[in-house]
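Trainee: Before I ask anything, here is the structure I am working with.
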Amino acid sequence: RKHLTLGPQGQLLLFGRQVHAAINDRFVLNICHQFEHQVDFSEFMGFNMGFTAGADKGVAYTLYNSFFNSVCSGGKGGANRFPCMAPCINFARACTRDQLVQEVQEWLFKTHRPVVIKPQGTGCGHGIEFFFGPETREEVCSKVDASMQQVTKSYDLSCGGLPYTVCEYLDTASVSDAAAKRHDGRCPVLDEHPHPMAGHKFELRIVVYRDGDNLQAYPSIAKVAREVFDPLHPSRSGLINNITSSAKETSQEGIEFMLPLCNTRT
């Protein structure tokens, strides 16, 4: 992004040549911030025009909650139509550093439950921090400042990733060695050795694409954390399911941290 400039009519330029489109949601959102929202979107487009929701969890959560409270759900609430989906996502927005610290402290004090902060426009888990509480104000401030400094340095964003999303921590599932062996009963070697990802937290990735006037969903992969999760001493390495950062930190291929959902073993 450091080589991009803005033309007199809001055109995005790279070494003097006009840029007409970009794919990555975070890239498009960060361009907006870089040029203080002066980019002319009649001259430049993100291929995903919903890029703000793709790059900012707070926007995505707002749309999710709006959907489940709208007439799109049949006027009776989304829980009736989508019983497997949470009726709402609990979150807050913080537009300043002080507000972010206050939101985290209030969350820990009022709910006595862990909380997570997520900056906008970042990837690879950058800026994400976990607060398992109770934590002093100094400890909260230290984590918040470290998060914002990492975003500022890594993405050259003066906003430091603000506004942040403050949301509840979900204790997600881990790969089960027993379940893996049951699925792979025909493979005796798994009876002798534990599943290589046993105990690692994971998250599913479902590809959603447009097919005419319909949206289609295709199960893709499970992203797996690079370290076994220890509930007594939770660490970022056991909580962040990011393939790029895991591959970089361990000098392994990214495929080592994903499990294909089309594979019976997975």
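The values are calculated or read from the model by the stated rules, or taken from the named source; none is laboratory data. Because the structure is predicted, anything quoted here is derived from the model rather than measured. All Cβ positions, even for glycine, are placed from backbone atoms using ideal geometry, and neighbour counts span all protein chains on display. Keep in mind that these areas ignore ligands, DNA and RNA; they rest on the heavy atoms of the full protein, side chains included. Shrake-Rupley method; radii C 1.70, N 1.55, O 1.52, S 1.80 Å.
Trainee: Assuming 0.890 mPa s and 25 °C, estimate D for the chain with Stokes-Einstein, Rh taken as the Kirkwood radius over Cα pairs, in µm²/s. It would help to have the intermediate numbers written out before the result.
Mentor: Numbers: Rh = 21.1 Å.
In µm²/s, the coefficient rounds to 116.
Trainee: With +1 on the Cβ of every Lys and Arg and -1 on the Cβ of every Asp and Glu, and nothing else charged, how large is the dipole of the chain about its Cα centre, in debye rounded to the nearest 20?
Mentor: Working: 26 positive and 28 negative charges, 80 e Å.
Charge dipole, the chain, about its Cα centre: 380 debye, nearest 20.
Trainee: Additional query: Quick one: compute the contact order of the range 3-55, relative version, from alpha carbon pairs under 8 angstrom and 6+ residues apart, as a percent. Walk me through the intermediate numbers first.
Mentor: Working: 68 pairs, mean separation 20.2, N = 53.
Result for the range 3-55 is 38 percent.
Trainee: Now for a separate question. Can you sort Glu36, Glu168 by 1.4 Å-probe accessible area, starting with the largest? Write out the running numbers ahead of the final one.
Mentor: Details: Glu36 135, Glu168 45 Å².
Sorted by accessible area, descending: Glu36, Glu168.
Trainee: Something else now. Roughly to the nearest percent, how much of the accessible area of the chain is carbon and sulfur, given a 1.4 Å probe? Let's see the in-between values first.
Mentor: On the way: 8780 of 16040 Å².
Exposed carbon and sulfur together represent 55 percent of the surface.
Trainee: Determine the per residue accessible area of the chain with all protein chains present and a 1.4 angstrom probe, expressed in square angstrom. If you can, show how the numbers build up before the last one.
Mentor: Working: 16040 Å² over 266 residues.
That works out to 60 Å² per residue.
Trainee: Same structure, new question: With label points built 7 Å along Cα→Cβ from the Cα atoms of Thr62 and Lys248, find their separation and express it in nm.
Mentor: Each label point lies 7 Å from its Cα, and together they span 2.9 nm.
Trainee: May I pose another question? Sorted by accessible area (1.4 Å probe), largest first, how do Ser245, Ser251, Ser235, Ser66 line up?
Mentor: Working: Ser245 20, Ser251 110, Ser235 45, Ser66 70 Å².
From most accessible down to least: Ser251, Ser66, Ser235, Ser245.
Trainee: Separate question: Determine the alpha carbon to alpha carbon distance for each of Lys153/Lys248; Lys201/Lys223; Lys223/Lys248; Lys118/Lys153; Lys153/Lys223; Lys2/Lys143 and list only those over 20 Å. Can you show the working numbers first?
Mentor: Values: Lys153/Lys248 18 Å; Lys201/Lys223 9 Å; Lys223/Lys248 15 Å; Lys118/Lys153 16 Å; Lys153/Lys223 26 Å; Lys2/Lys143 28 Å.
Over 20 Å Cα-Cα: Lys153/Lys223; Lys2/Lys143.
Trainee: Ok, one more. For every helix of n ≥ 4 consecutive DSSP H residues, a contribution of -39,500 (n - 2.57) applies; sum these over the chain, divide by its total residues, and give [θ] at 222 nm rounded to the nearest 500 deg cm²/dmol. Walk me through the numbers on the way to the answer.
Mentor: Numbers: 10 runs with 87 residues, N = 266.
Per the formula, -9000 deg cm²/dmol.
Trainee: Can you give the convex hull volume per residue for the Cα atoms of the range 1-147, as a whole number of Å³? Display every interim value, and only then the final one.
Mentor: Numbers: hull volume 21.9 nm³, N = 147.
Measuring per residue, one finds 149 Å³ for the Cα hull of the range 1-147.
Trainee: Heavy-atom accessible area of His37 with all protein chains present, probe 1.4 Å, nearest 10 Å²?
Mentor: About 120 Å², ignoring ligands and nucleic acids.
Trainee: From Cα pairs below 8 angstrom and at least 6 apart in sequence, can you work out the relative contact order of the chain, rounded to a whole percent? Numbers along the way, then the final one.
Mentor: Working: 417 pairs, mean separation 31.7, N = 266.
Reported as a whole number, the value is 12 percent.
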